[in-house]
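The structure under discussion appears below in the form of structure tokens.
The values are calculated or read from the model by the stated rules, or taken from the named source; none is laboratory data. As the structure is a computational prediction, the values presented were derived from the model and not from experiment. Using ideal geometry, Cβ is built from the backbone for each residue, glycine included, and neighbour counts are taken over all protein chains shown.
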Amino acid sequence: MINQRITLSFEIKEAPVILRDAIKQYGISKKALTSIKYEGGKILVNGEEKTVRHTLETGDIVTIIFPEEKKSEGLISQKGDFPILFEDDHILIFSKEAGRQHDPFT
């Protein structure tokens, strides 16, 4: 599996605004922001790395580069047929009956 970094870019329409507040408007949690800052992600304004205290101006392009995801050691792969409801390059949504369990060894 190839690790791809997820990025989010947006243009500032109304300024002045603090970068932290602009990021918050896009639903990025404090936990995600901490991960971006301390686990290999980046916050860029017009291609330059900035702190969340930076004041943005109209037309600035903000790019958030999320850190690479780390595989959780607690995940156990299981076989099963689950109908896929939606799939793109970043998201997979499937349906599973409530309470349905799978034997990981089948």
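Worth pointing out:
- Applying the criterion of being at pLDDT 75 or above and of a type in the set (S, T, N, Q) to the residues of the stretch 59-106, the residue that is nearest to residue 41 (Cα to Cα) is 63.
- Pairing each residue of the stretch 11-34 that is closer than 14 Å to residue 61 by Cα with any residue that is among the polar types (S, T, N, Q), provided the two are 6+ apart or on different chains, yields C-beta distances under 7 Å for 12/58; 13/58; 14/58; 15/58; 16/55; 18/55.
- Scanning the stretch 45-86 for residues that are closer than 20 Å to residue 4 by Cα and surrounded by fewer than 10 Cβ atoms within 10 Å (Cβ to Cβ) turns up 47, 70, 71, 72, 73, 75, 86.
- Checking the stretch 12-31 against the condition returns a match, with at least one residue being small (Gly, Ala, Ser), within 21 Å of residue 90 (Cβ to Cβ) and modelled with pLDDT under 90.
- Residues satisfying the stated conditions in the stretch 19-38, i.e. part of a loop (DSSP other than H, G, I, E, B) and surrounded by 12 or more Cβ atoms within 10 Å (Cβ to Cβ): 28
- Just so you know, in the stretch 87-97 the residues that are of a type in the set (D, E, K, R) and part of a loop (DSSP other than H, G, I, E, B) include one that is surrounded by the most Cβ atoms within 10 Å (Cβ to Cβ), and it is 96.
- Selection from the stretch 47-58 of residues that are within 16 Å of residue 18 (Cβ to Cβ) and in a loop (DSSP other than H, G, I, E, B): 50, 51, 52, 53, 54, 57, 58
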